1. State the extension gain, in nm to one decimal, for the chain segment bounded by I121 and V174, taking 0.36 nm per residue of separation less the distance between their alpha-carbons.
2. Could you list which residues have their amide H under 5 Å from that of V205, counting only those 5 or more apart in sequence or on another chain, with H placed in the peptide plane?
3. Please report, in debye to the nearest 20, how large the charge dipole of the chain is about its Cα centre when each Lys and Arg carries +1 at its beta carbon and each Asp and Glu carries -1 there.
4. Which residue, A113, P197, Y164, has the largest displacement toward the positive end of the dipole of region 7-208 when charges sit on each Cβ (Lys, Arg +1; Asp, Glu -1)?
5. Would you mind calculating the gained length between R75 and E94 on full extension (0.36 nm times residue separation, minus the Cα-Cα distance), in nm to one decimal?
6. How many percent of DSSP beta bridges within region 7-208 run antiparallel, rounded to 5?
7. Only helices at least 30 Å long along their own axis, judged from Cα atoms, and with Kyte-Doolittle mean hydropathy of -1.0 or greater: name those in the chain from DSSP H.
8. Among the GluC sites (Glu not before Pro) within region 138-225, which fall in a DSSP loop and have no more than 13 other Cβ atoms within 10 Å of their own Cβ?
Amino acid sequence: MSGGGTVITIDGPAGSGKTTVARMLARRLGWGLLESGSLYRAFTWILLREAPRLLESPEETAVANFLRGILPDLRCELGEEGLRIYFRGRRLSEELRAPETEARVSEVAALGAVRRLVNEILRGLVRERDAVAEGRDMGSVVFPEARYKFYLTASPEVRARRRYLEWKAKGLEVSEKEVLEGIKARDHKDSSRREAPLSIPEGAVVIDTSELSPEEVLRRVLAYIE
Ligand code: C5P
């Protein structure tokens, strides 16, 4: 299984553990790790920097046309450790996680024309290399024909606790209650939007990770695959 075209999808809400497990699985298989959220984050960062006025009252065609225009300046490489994104030769990494980017990304991701552009890029990347694709709509919209599909979930309290511990380890001052409220708000936004809402893809194996370690989740995923 090499040379591109084979996809395993892992979808789920924030804090479900999908990114951690997708990374472990990609390493294990020696496949690319396609983190679709990074592309939404990169487009958001580019818009904030190059065309902030387009975000004032986003009109999807104008935003998508602008983004198509900067495509020659964008390079994406599908690595085992994730998607490497370069804009005019500069590797984007920390800026994609910056609070300013994070605060606007769901607005950009709600625009249908932007989603179609992101999906074209994602499909192009897996033609080159087999991949584990993680996100919100990988199994439902982008790769409905994926060989294996997984949907990870966990209670909002468990997901909030994971995010809280992650942020605390980075030295960020937040309360667990605030994180829980943020998670519930994002769940609501992602599940109720018109374009590609977060949902369990048809044919996906659902794993509740509330009581499982990442290694245990990986073991279950591998048991299905192998
Ligand atoms: O997964 P990550 O937190 O990097 O995703 C950032 C944002 O991008 C999500 O909050 C969601 O709004 C959007 N996203 C999406 N569809 C995907 C992946 C991410 O709408 N497949």
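1. Full-extension gain reported as 15.6 nm.
2. Placed amide hydrogens put K149, F150, Y151 under 5 Å from V205.
3. Magnitude of the dipole: close to 320 debye.
4. Ranked along the dipole, the leading option is Y164.
5. That pair, R75 and E94, stretches by 5.2 nm at full extension.
6. Roughly 35 percent of the DSSP beta bridges within region 7-208 come out antiparallel.
7. Span-like helices here: none at all.
8. E145, E173, E202, E211
Only the coordinates and a few stated rules stand behind these numbers; no lab work does. In this text the structure is predicted, and so the values were computed from the model without any measurement. Cβ coordinates were reconstructed from backbone atoms using ideal geometry, including for glycine residues, and neighbour counts include every protein chain displayed.
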